[in-house]
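Comments concern the structure below.
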Amino acid sequence: MTQKAKKIICLALVACMVMTCFSACGSSDDSGSSSSGSSSSSTTSMPELNTTDDITISIMYWDDDVLFQGMKQAFEAEYSNITVELLPSTTGDIAQACSDYSAANTLPDCLWYVNEIDTPIYSGYWQDMTVYFENDSENDNLIKGIKEYKIGYFGTDYKFCTPMKWFPDVAWLNKQFFEDNSLDMPSTDWTWEEFETVIEEATMASANGRYGSKQSFGLTCAGGCYPVTWYCLAADDECIAEFGWNGSEYNMDNWAVALNKQHTYLQNGWLIDDNETYNPYQYINTTTAMASVYGEEVYAQDAGYVAVRCDKWWCWQYYWNNEDQGFIANNVIWVPYIQPHLSTTEGKTNISTMDMGGIGQSSSNPREAYEVLKYFDWGVEGWKEKIDLYTTWSTNEMTNAELRNKQIDCPTTLDDEVWNKFMACEWFPQEGDEYGRYEYFETIWTKLREKYWTALGATIIPGFSTWLSNIYQANDSEIERSILYEGADATQYVDDLEKSGKESYEERHEQILDLLSLIYG
């Protein structure tokens, strides 16, 4: 059987499942239950919510089980005819669980997915939610980027999914490091040029103050927060995702500049990373490697020997504000900075982690499923309840103190009341903070709401995860290894990567269009 024949059969099977679901969902009874599966072009108003018939809506998610117990109680109190069935999972298990549900044609009414979107959109996990999302006025007040970049549409006119959790990438600066080494804190509107000056000046073989003769470093990064990811957006206001993606193709020129810069940072000792296999440089940021430098097994940033750590927002709850980790006791005082941009650009768009979710293809009550999905994830009323639960909720399974150390994401709604409640949470520094952190948090709260936001490529670009695995990261990441650790010039890879990346996108995008054609004609 040819690949094309296999593709047509696969599409036909998915389309049959989708059309069966849409046929079941298209009916409307006298109670006002309406769940049209047709595209938004035929409906210009929000279908009515069924508020009379007893309905059960299942929602599949990960990690927030105790929090969701409280959300379930609150939702059911407001919508008395809807029972919410919680289907907790984990980030490691949810992909297999979705596959199993799909095979049995019993996908939950609402489901999240992690890391990549090729599988759920091509396998038909999500149904079209355009009519609900586009006719819900509350969605006009979301963080910039979700609607502007049509996140969850995948190059079509159909909204399949939307962000469930949002974790901005930020630069965490160790305020104490700057004070100990008589360095000025950079402007909170810093440019990439200022960022480079900071990491250069903070790299010292013989630092002042408490560091004695021990090595200090300007920069460490978590995966997804290295210059190769951040720089493309910092250097080009038209870029809306990784590798210079502009919505239809990749511009890899800035990717090449970024990797060549990253090589220079490593070579100069400004950046310390954790590659033990290929790293030819003197320092490696692992606990065992740092033992020979500091006399104890620690990560350099945890011991206070790093000025800047580029990482996710969740670090605040998991690490920096966790008393058990002992950062403050070790004089490591982290404050958040927005991602730097070139002085010649606006610095319009920043990158983040966005976990996606949508309405399950098997749902016979998609309008009601939309309401549950929204309440538990991005809706204003749901967020107010979520913050109240974060600050007061406790059960036999988990105390409030334990709950607050879960991955607390940032609101994707821009609602003032939600953000005021969020910013006032006790675990964020407040005015008068003894460590001088409040002014930095106050600044970044504003910037998070002003900037446009996008996500990692696998989350929003069809074909990206396939291209990443088969081309970019093939042969044990040979491309990046040759540039970062062997000194190859990144520009030599630009043309081939742009071509293969576009081909991967177009192939996957064509498959999506074929599926939509089978469904809608």
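Laid out as a table, the results:
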quantity: Accessible area (Å², 1.4 Å probe, nearest 10) - Arg367; calculated: 20
quantity: Accessible area per residue in Å² at 1.4 Å probe, computed on the range 292-373; calculated: 31
quantity: For the range 212-360, alpha-carbon Rg relative to the globular expectation (2.2 N^0.38 Å, N residues); calculated: 1.17
quantity: Whole-Hz couplings from phi, Karplus 6.51/-1.76/1.60, listed for the range 490-497; x for Gly and Pro; calculated: 4, 4, 5, 9, 4, 4, 5, 5
quantity: Surface share of carbon and sulfur [accessible, 1.4 angstrom probe, percent] for the chain; calculated: 43
quantity: Other-chain or far-sequence residues with amide H under 5 Å of Ile146's (modelled H); calculated: Trp453
quantity: Per residue, in Å², the accessible surface of the range 399-521 once ligands and nucleic acids are set aside, probe 1.4 Å; calculated: 45
quantity: Given charges at beta-carbon only (K, R positive; D, E negative), |dipole| of the range 292-388 in Debye; calculated: 400
quantity: Taking the range 64-138 and dividing mean pair separation by its residue count, relative contact order in percent (alpha carbons under 8 Å, at least six apart); calculated: 20
quantity: Heavy-atom accessible area order for Asp180, Asp377, Asp157, largest first, 1.4 Å probe; calculated: Asp157, Asp180, Asp377
quantity: For Trp172, distant residues with modelled amide H under 5 Å away; calculated: Arg309, Cys310, Asp311, Tyr337
quantity: Overall Cα dimensions of the range 285-389 - principal axes, largest extent first, Å; calculated: 61, 42, 27
quantity: Those lysines that a straight Cα-Cα span of less than 16 Å connects to Lys447, excepting residues fewer than 8 apart in one chain; calculated: Lys144, Lys312, Lys348
quantity: Over the chain: helical MRE at 222 nm, DSSP H runs n ≥ 4 each giving -39500 (n - 2.57), nearest 500; calculated: -11500 deg cm²/dmol
quantity: Label-zone membership for the range 338-379, site Leu86, 7 angstrom Cα→C-beta point, backbone N under 11 Å; calculated: none
quantity: Degrees, to the nearest 10: 380-392 long Cα axis against longest axis of the chain; calculated: 50
quantity: In order through the range 81-86: 3J(HN,Hα) via Karplus (6.51 cos²θ - 1.76 cosθ + 1.60), integer Hz, x for Gly, Pro; calculated: 8, 10, 9, 9, 9, 8
quantity: Pairwise label distance in nanometres, Lys150 with Lys499, each label 7 Å out on the Cα-Cβ vector; calculated: 2.8
quantity: Residue-normalised accessible area of the range 103-171, expressed per residue, 1.4 Å probe, Å²; calculated: 27
quantity: 25 Å Cα-Cα reach of Lys72 towards lysines, excluding residues that sit fewer than 8 places from it in its own chain; calculated: Lys165, Lys374, Lys384, Lys386, Lys406, Lys421
quantity: Using θ = phi - 60° and Karplus 6.51 cos²θ - 1.76 cosθ + 1.60, couplings along the range 332-346 (whole Hz; Gly, Pro as x); calculated: 10, 10, 7, 9, x, 10, 5, 4, x, 9, 5, 5, 8, 10, 6
quantity: Other-chain or far-sequence residues with amide H under 5 Å of Thr353's (modelled H); calculated: Phe167, Asp169
quantity: Segments 337-346, 454-463 sorted - mean Cβ within 10 Å per residue, highest first; calculated: 454-463, 337-346
quantity: Viscosity 0.692 mPa s, 37 °C: Kirkwood-radius Stokes-Einstein D of the range 72-152 over Cα pairs, µm²/s; calculated: 217
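The values are calculated or read from the model by the stated rules, or taken from the named source; none is laboratory data. Note that this is a predicted model, so its numbers are computed, not measured. A quick note on method: Cβ atoms are made from the backbone with ideal geometry, for glycine too, and the neighbour counts reach across all protein chains shown. We work out accessible area using only protein heavy atoms, side chains counted, and drop any ligands, DNA or RNA first. Shrake-Rupley method; radii C 1.70, N 1.55, O 1.52, S 1.80 Å.
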